[in-house]
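Since the structure comes first, as C-alpha cells, the remarks are kept for the end.
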Amino acid sequence: MKCPRCHGIMVFEKFYGSQEHFFGWRCVHCGEIVDQVILENRSWKK
Ligand SMILES: [Zn+2]
C-alpha cells in the first residue's frame, strides 16, 4: 500500500470516529488517511 499523495509508506491502523471506530491506512509521511469507504468510492489518479 502506497500513499496516493506522496507515494510514501502507509500503515494499517485503527481510527476512532465520533460514534464508531474503523480501520484504515495512514501515510507515515504526509498523514493521508485512506479507509475502506474511500477506497471504494475514490477513482485513483496517477
Ligand atoms: Zn503520503
When restricted to 32, 40, 13, the only residue more than 8 Å from the ligand (Cβ to nearest atom) and surrounded by 10 or more Cβ atoms within 10 Å (Cβ to Cβ) is 13
In the range 16-27, residues that are surrounded by 12 or more Cβ atoms within 10 Å (Cβ to Cβ) and either in contact with a Leu (Cβ under 8 Å, 6 or more places away or on another chain) or not aromatic (Phe, Trp, Tyr) (or both) total 3
With the first residue restricted to the range 1-19 and required to be closer than 18 Å to residue 42 by Cβ, and the second required to be at pLDDT below 90 and assigned to a loop (DSSP other than H, G, I, E, B), Cβ contacts under 7 Å at 6 or more apart or on different chains are 4/44; 10/1
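The values are calculated or read from the model by the stated rules, or taken from the named source; none is laboratory data. Because the structure is predicted, anything quoted here is derived from the model rather than measured. Glycine gets a Cβ as well: all are built from the backbone with ideal geometry, and neighbour counts include every protein chain shown.
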